[in-house]
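Visitor: Got a structure here, written out as structure tokens. Questions coming.
The values are calculated or read from the model by the stated rules, or taken from the named source; none is laboratory data. All of these numbers come straight from a predicted model, not from anything done at the bench. Cβ coordinates were reconstructed from backbone atoms using ideal geometry, including for glycine residues, and neighbour counts include every protein chain displayed. Each accessible area value is taken on the protein alone, full model and side chains, heavy atoms only, with ligands, DNA and RNA left out. Shrake-Rupley method; radii C 1.70, N 1.55, O 1.52, S 1.80 Å.
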Amino acid sequence: MHPTWTEQWWPISYVQDLDPKQPSRFTLLERDLVIWWDRAESSWRVFPDVCPHRLVPLSEGRINEEGLLECPYHGWSFDGSGQCQRVPQALDNTQPNNRRSRCASLPTATGQGLLFVWMGAPDASHPSQLPLVPALEDNPDSWTVQDTFRDLPMDAVTLLENVLDVSHVPFTHHKTVGKRENAAPVEATITGEDAKGFTAYWDEGPRRGKLGAQSTSFHAPQLMWHDLTAKGFGRILTVVYAVPIRRGECRLFARFPFQFQSAIPRLLIGLRPRWLQHIGNHKVLEDDQVFLHWQERVVERAGGSPTVKRSFFMPTTADVYVAALHRWLNANGGEPFAGQQLPPRQTTTALMDRYASHTIHCRSCSTALARIRAGRPWAWALLWGSAVLVGIQQGNTWSSIGLVSAALSALALRQLNRWELGLTIGNGQAPRNR
């Protein structure tokens, strides 16, 4: 793979979604990784997800009583540097620290709430080069940040192409975060372009100029953000990291930082649970998930990024973002999995999965789902208990209490079912087509 993709810091998780009590796994650029908390050094560690003994995944193991990462197969245990500290099957005079018993410990760093891992040569890693959003470094306490993530059934390049393209929002996201009547020419210009990415400026901005001018930055190869200051409201960023997992799959990290002019919006946003916000984010992501999954297979048959000048017809200034992205790709090593075929096309039901692509990796959503499922038997018990009260004697006080209680418990069951679906699977019906 071209160094453009490997010699990089990549985000692999929000820190708040990691559990310091157990290891977790992530696949980055087709490389399986295990993430775990090194208690001795108070830092997150990332190893290749393979034990040097018999090559089983360390992510299936545990963090033992000594704070070491313990292999699930034979109990070999490793410290944060990757050094094997314990081989339970070894004789007393056997040293566990053989060179071949070591795990590689990849460079890690945290920034703006994200855990990053360096995928290139270890001695070339510099935490000062983390791909961060400069605006969020300036007075960070003034920002209110909503975040989400999801594993998407498309290449990171397809995701970047989508989120850079501001002109699709009124149509694709009609009735979610856009309106068709707001569609208008996008007279955007590229203001800077080099091997590190590009910048663009749209003087009118979204919603026919109602929000103000918008600037766009692409920090190659994974980060982009739109930046605008809405009149009378505040500054709004849309930040996206597109992280390649494997051919045809990537992880989206999306962040929505707000710098409000009033304290009231900040207070209202803070009242909304993160898991409930994520359900709303899923609905927006699924607006274009199906057709992007199909589109990239057509692009692949046409020859991929090197041929987009011929295969795409982009006659308007609205497409300058996409054209600039592909110029950067073709001048800097091309796509990350060049030459590999996309996997077979998935069904709409598979594309709508929220549980495996998000919920099991999100501490907020997995906790909420567990509580919803635990609360359902209590709601059923209340419903049956209410039926008993209603049947005691029609027309008395207990019967009236039972009717009210039955109505409330039925509403609770209905809402619990809706929330459970929201955390597990989408319906595949884009609001724009209703």
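Visitor: Of all residues in region 338-382, which are crowded, with 18+ Cβ neighbours inside 10 Å and at pLDDT below 95?
Guide: Ala379
Visitor: Looking only at region 34-45, count every residue that is farther than 24 Å from Met1 by Cβ and either open to solvent by less than 50 Å² (accessible area, probe 1.4 Å) or free of Cβ contacts under 8 Å to residues at least 40 places away in the same chain (or both) and tell me the total.
Guide: The number of residues fulfilling the criteria is 8.
Visitor: Given (1) surrounded by fewer than 20 Cβ atoms within 10 Å (Cβ to Cβ); (2) more than 24 Å from the chain's Cα centre (by Cα), identify the lone condition not met by Ala188.
Guide: Every listed condition holds for Ala188 apart from (1).
Visitor: Check whether at least one residue in region 148-171 is more than 21 Å from the chain's Cα centre (by Cα) and touching a residue at least 24 places away in the same chain (Cβ under 8 Å), and report yes or no.
Guide: yes
Visitor: Could you list, in sequence order, the residues of region 226-256 that are within 15 Å of the chain's Cα centre (by Cα) and either hydrophobic (A, V, I, L, M, F, W, C) or open to solvent by less than 10 Å² (accessible area, probe 1.4 Å) (or both)?
Guide: Within region 226-256, Val239, Val240, Tyr241, Ala242, Val243, Pro244, Ile245, Cys250, Leu252, Phe253, Ala254, Phe256 qualify.
Visitor: Residue check: is Gly197 free of Cβ contacts under 8 Å to residues at least 60 places away in the same chain and open to solvent by less than 50 Å² (accessible area, probe 1.4 Å)?
Guide: no
Visitor: Moving on. Can you list the helices (runs of 4 or more DSSP H) lying wholly within region 320-434 that have 3 or more residues being under 30 Å from Trp202 (Cα atoms)?
Guide: Filter on region 320-434 gives 320-331.
Visitor: Does region 381-389 contain any residue that is closer than 30 Å to Asn281 by Cα and either of a type in the set (Gly, Ala, Ser) or more than 26 Å from the chain's Cα centre (by Cα) (or both)?
Guide: no
Visitor: Considering every residue within region 121-135, establish whether at least one is outside any loop (DSSP other than H, G, I, E, B) and touching a helix residue (DSSP H, G or I) at 6+ places or on another chain (Cβ under 7 Å).
Guide: No - not one qualifying residue is present in region 121-135.
Condition check ((1) at pLDDT 95 or above; (2) among the small types (Gly, Ala, Ser); (3) open to solvent by 60 Å² or more (accessible area, probe 1.4 Å)) across all residues:
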site: Met1; (1), (2), (3): no, no, yes
site: Trp5; (1), (2), (3): yes, no, no
site: Trp9; (1), (2), (3): yes, no, no
site: Tyr14; (1), (2), (3): yes, no, no
site: Thr27; (1), (2), (3): yes, no, no
site: Asp32; (1), (2), (3): yes, no, yes
site: Phe47; (1), (2), (3): yes, no, no
site: Val50; (1), (2), (3): yes, no, no
site: Leu58; (1), (2), (3): yes, no, no
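Visitor: One residue is enough: does region 74-85 have a residue meeting the conditions hydroxyl-bearing (Ser, Thr, Tyr), over 30 Å from Gly205 (Cβ atoms), open to solvent by 60 Å² or more (accessible area, probe 1.4 Å) and over 20 Å from the mean Cα position of the chain (by Cα)?
Guide: Looking through region 74-85, none of the residues is hydroxyl-bearing (Ser, Thr, Tyr), over 30 Å from Gly205 (Cβ atoms), open to solvent by 60 Å² or more (accessible area, probe 1.4 Å) and over 20 Å from the mean Cα position of the chain (by Cα).
Visitor: May I ask you to list the residues in region 383-403 that are modelled with pLDDT of 85 or more and exposed (fewer than 13 other Cβ atoms within 10 Å of the Cβ)?
Guide: The one that is modelled with pLDDT of 85 or more and exposed (fewer than 13 other Cβ atoms within 10 Å of the Cβ): Trp384.
Visitor: Tell me yes or no: at least one residue of region 192-201 is out of contact with any strand residue (DSSP E or B) (no Cβ under 9 Å at 6 or more places or on another chain), modelled with pLDDT of 95 or more and in a strand (DSSP E or B).
Guide: Yes, because at least one residue in region 192-201 is out of contact with any strand residue (DSSP E or B) (no Cβ under 9 Å at 6 or more places or on another chain), modelled with pLDDT of 95 or more and in a strand (DSSP E or B).
Visitor: Checking Gly67 against (1) on the phi > 0 side of the Ramachandran plot; (2) under 28 Å from the mean Cα position of the chain (by Cα); (3) surrounded by 15 or more Cβ atoms within 10 Å (Cβ to Cβ), which single condition isn't satisfied?
Guide: Only one criterion in (1) on the phi > 0 side of the Ramachandran plot; (2) under 28 Å from the mean Cα position of the chain (by Cα); (3) surrounded by 15 or more Cβ atoms within 10 Å (Cβ to Cβ) is unmet by Gly67, namely (2).
Visitor: If Ala324 satisfies every condition in (1) over 23 Å from the mean Cα position of the chain (by Cα); (2) in contact (Cβ under 8 Å) with a residue 12 or more places away in the chain; (3) over 18 Å from Glu249 (Cα atoms); (4) open to solvent by 20 Å² or more (accessible area, probe 1.4 Å) but one, which is the exception?
Guide: (4)
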